[in-house]
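Here the structure is laid out as structure tokens; the discussion comes afterwards.
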Amino acid sequence: MGGKDYSRRKFINKCFSSGSVLLGSVLFLNCRGTNESSSGNESGHKKPSISDDPCNDLTSLSDGELKKRQSLGYVKQSTVPDNSCGNCALYIPAKSEKKCGGCILFKGPVYIEGHCVQWAAVTA
Ligand code: SF4
């Protein structure tokens, strides 16, 4: 009888501890999600809002894609004389209905006047 009580007690304790862990996990994940969304607005990685300029619309890009763009040192306006996306071998020219082109190294719009550290001369 004592052994039976012991196993019942053990079972109830396990249920409570499992329930506590599960409840704690759910609360933790909920809080974590809230913090991520609010911290995204406060950090320097917030996505630019949609504007009239489609080449500046990065809202469809993931954080990883934005980081890749930044890690390559992409800028909208080249400061290197005679080197810009427009004369780079990796540039994807704008289609007729679009204003801005792209780059084969990362997703998203690219200004023809832009530049990054991977600029490569076009070879004939
Ligand atoms: S590699 Fe750099 S310079 Fe060349 S098109 Fe892409 S972003 Fe522009």
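The values are calculated or read from the model by the stated rules, or taken from the named source; none is laboratory data. Bear in mind the structure is a predicted one, so any value in this text is a computation, not a measurement. With ideal geometry, Cβ positions are generated from the backbone for all residues, glycine too; neighbour counts draw on all protein chains shown. Heavy atoms of the whole protein, side chains included, go into the accessibility calculation; ligands, DNA and RNA do not. Shrake-Rupley method; radii C 1.70, N 1.55, O 1.52, S 1.80 Å.
Key figures
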quantity	calculated
With every protein chain in place, the stretch 54-110: carbon and sulfur % of accessible area (1.4 Å)	55 percent
Computed log₁₀ I(q)/I(0) - Debye formula, equal Cα scatterers, no solvent, the stretch 54-110, q 0.12, 0.22, 0.28 Å⁻¹	-0.27, -0.93, -1.36
Length-normalised contact order of the stretch 54-110 in % [C-alpha pairs under 8 Å, at least 6 apart]	40 percent
Distance (nanometres) between label positions extended 7 Å along Cα→Cβ at Ala120 and Leu72	1.1 nm
Under the Karplus curve 6.51 cos²θ - 1.76 cosθ + 1.60, θ = phi - 60°, whole-Hz ³J(HN,Hα) for the stretch 110-124, x wherever Gly or Pro sits	9, 6, 5, 8, x, 6, 8, 5, 9, 3, 9, 5, 6, 9, 7
The stretch 73-85 - phi-based ³J(HN,Hα) in whole Hz, Karplus 6.51/-1.76/1.60, Gly and Pro as x	x, 5, 10, 5, 10, 5, 10, 9, x, 6, 10, 8, 4
